Amino acid sequence: MADYDYDLFVIGAGSGGVRASRVAASYGVKVAIAEERFLGGTCVNVGCVPKKLFVYAAHVHEELSDVGGYGWQVGESQFHWQTLRENKDREIARLNGIYQQLLENSGVDLIEGRAQLVGPHTVKVGDCTYSCDKILISTGGRPFVPPLPGNEHMITSEDVFYLDHLPRRVAVVGGGYIAVEFASIFNGLGVETYLLYRGEQILRTFDRELADFAAEQYQEKGITIQCHTTISRIDKENDQLHCTLSDGEVLVVDAVLCATGRNPYLSGLGLENTTVQLNDDGKIKVDQYCQTTEPSIYALGDVTGGPELTPVAIAEAMAFVNTAFGSKPQVMDYNNIATAVFSSPNIAVVGLTEEQAMDKYAKVEVFRTTFRHLKHSITGNPEKTLMKLIVDAQTDKVIGAHMVGAEAGEIIQGIAIAIKAGATKADFDATVGIHPTAAEEFVTLR
Ligand code: NDP
């Protein structure tokens with residue numbers, strides 16, 4: 001075997017890259033990881049973690065207006081954006097430190113800087129060149145901003161975490177995960193919020209009924225949703241952004257958040273020095289073992305075509321390392337991956353939508369309920385919950401579960417285990433509920 005500086009060189013210390021490098025090192029191989037920005041990647045620094053902290057902050061507002069029903073009187077409340085931002089920064093810095101420690105304790109060499117592929121077995125970082133048996137690309141994604149006049153005035157979800165001030169009015173462009181999560185955050189923090197979506201209904205990839213229900217809830221909470229709407233141009237006048245919409249209307253706001261998807265972050269990586277090929281969507285082509293078309297180079301996470309989710313990148317990392325270094329070939333299973341949207345209210349889903357089930361199965365049964373959470377029976381909060389099970393009528397297997405409502409992510413995570421294990425509707429029915437909870441509705445749907 002050739003003598004390389006490293007057995008594995010990982011480019012990008014996000015969720016997938018860090019997991020792959022640590023576990024590979026535990027198998028006794030020599031590993032380096034290069035990172036140019038921050039340890040923990042998008043998830044820890046400008047994604048899931050700070051977003052969830054902001055979601056909690058936004059929800060406090062609603063809790064404050066709910067407490068009156070329970071007999072509490074609280075004084076006038078005030079929100080300080082800088083306090084939230086600084087506390088968030090402190091927590092993220094703590095997590096960055098933990099990531100660094102984890103890598104050091106695992107014996108992984110951390111190389112700070114931008115890595116570039118020089119060849120199938122060679123990586124360059126700054127002035128140093130490293131030879132490597134295997135290379136793993138886990139550079140994640142970066143926000144995509146569509147070309148339009150004035151798009152330099154748009155911010156992305158990554159910028160929101162560093163804003164000096166909370167805007168008074170914001171337009172959010174897009175109708176996917178980031179758009180509805182940040183629209184809910186802004187709205188919860190008291191910002192006048194407009195959600196502009198180009199299609200017929202937001203959350204296009206979700207169950208139709210769920211999307212309609214969620215959109216109603218968002219509007220009930222104060223978000224203005226305008227579908228069939230895009231921004232044609234943005235003009236900045238006296239610190240205000242004048243957005244000319246597709247119907248000619250001009251919407252004046254203080255910030256425009258662009259949440260129109262994320263692209264794989266591959267620019268300047270030196271792919272042209274290898275035989276790594278891309279798919280039509282610009283993502284790296286890999287086989288079921290994360291191997292690219294250049295045999296010594298692997299890729300996982302958001303740079304490949306799977307769901308852009310932290311737990312998916314981590315699971316891919318485990319499958320890759322077990323295959324490449326653990327003599328335990330493992331293929332990533334993309335079926336029934338549960339996912340949550342941390343909007344207000346939360347959304348969480350696993351399995352097929354009603355529409356997908358209708359296409360795939362001969363006979364489908366749908367069980368649903370909508371209700372007002374017990375908590376809100378005396379708060380006056382009009383928020384409603386939706387729960388829905390999709391069942392293959394021929395086998396009785398539950399093939400989809402969908403929820404809009406408080407703690408949907410926490411609830412669907414448990415339901416996902418049942419669905420992954422092949423539970424039938426009869427199994428759900430035979431399960432005795434925990435009373436009184438919202439979750440028990442999933443075992444009493446008739
Ligand atoms: P999404 O793919 O979820 O949504 C993108 C949205 O932007 C869609 O509504 C899309 O419309 C719209 N869009 C795309 N291009 C344009 C355009 N040129 N003009 C106007 N609208 C456009 O991407 P996000 O950016 O919201 O999130 C990226 C990924 O990150 C998600 O796919 C998700 O996997 C992940 N993520 C996960 C989270 C979680 O797990 N809670 C949280 C945040 C992100 P259309 O529907 O018509 O295509």
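The values are calculated or read from the model by the stated rules, or taken from the named source; none is laboratory data. Everything quoted here is computed from the prediction, not taken from an experiment. Neighbour counts are summed over all protein chains in view; Cβ atoms, including those assigned to glycine, are modelled from backbone coordinates with ideal geometry. Side chains are part of the model used for accessible areas, which takes the heavy atoms of the whole protein and leaves out ligands, DNA and RNA. Shrake-Rupley method; radii C 1.70, N 1.55, O 1.52, S 1.80 Å.
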- Task: For the stretch 208-222, indicate whether the set of residues that are touching a residue at least 24 places away in the same chain (Cβ under 8 Å) and either part of a strand (DSSP E or B) or within 12 Å of the ligand (Cβ to nearest atom) (or both) is non-empty.
- Result: no
- Positions within the stretch 147-169 being under 21 Å from the mean Cα position of the chain (by Cα) and either under 19 Å from residue 233 (Cα atoms) or not charged (D, E, K, R) (or both), in sequence order: 154, 155, 156, 157, 160, 161, 162, 163
- Query: Would you pick out the residues in the stretch 258-272 that are surrounded by 21 or more Cβ atoms within 10 Å (Cβ to Cβ) and away from the ligand (no atom under 16 Å from the Cβ)?
  - Reply: 269
- Message: Any residue that is near the ligand (Cβ under 10 Å from one of its atoms), aromatic (Phe, Trp, Tyr) and surrounded by 22 or more Cβ atoms within 10 Å (Cβ to Cβ) - is there at least one of those in the stretch 181-202?
- Response: yes
- Message: Condition first: over 15 Å from residue 34 (Cβ atoms), surrounded by 12 or more Cβ atoms within 10 Å (Cβ to Cβ) and over 23 Å from the mean Cα position of the chain (by Cα). Now tell me which residues in the stretch 82-119 satisfy that.
- Response: 102, 106, 107, 119
- Message: If a residue must be in contact with a helix residue (DSSP H, G or I) (Cβ under 6 Å, 6 or more places away or on another chain) and either within 16 Å of the ligand (Cβ to nearest atom) or closer than 30 Å to residue 11 by Cβ (or both), how many such residues does the stretch 232-256 contain?
- Response: 1
- Task: Any residue in the stretch 92-113 that's in contact (Cβ under 8 Å) with a residue 40 or more places away in the chain: show its pairings with residues that are surrounded by fewer than 14 Cβ atoms within 10 Å (Cβ to Cβ) and outside any helix (DSSP H, G or I) at Cβ separation under 7 Å, as long as the two are six or more apart or on different chains.
- Result: 113/126
- Give 287, 247 a once-over and let me know the one that is more than 30 Å from residue 401 (Cα to Cα) and surrounded by fewer than 16 Cβ atoms within 10 Å (Cβ to Cβ). 247
- Message: Checking the condition touching a Gly at 6+ places or on another chain (Cβ under 6 Å), surrounded by 15 or more Cβ atoms within 10 Å (Cβ to Cβ) and closer than 15 Å to residue 317 by Cβ, which residue from 40, 16 passes?
- Response: 16
- Note on the structure: Of the conditions (1) assigned to a strand (DSSP E or B); (2) within 22 Å of residue 89 (Cα to Cα), the single one that residue 135 does not satisfy is (2)
- Query: How about the stretch 290-323: which of its residues are away from the ligand (no atom under 16 Å from the Cβ), surrounded by fewer than 24 Cβ atoms within 10 Å (Cβ to Cβ) and either modelled with pLDDT under 95 or within 25 Å of residue 340 (Cα to Cα) (or both)?
  - Reply: 318, 319
- Quick check: is even one residue across the stretch 152-173 farther than 28 Å from residue 78 by Cα and open to solvent by 30 Å² or more (accessible area, probe 1.4 Å)? yes
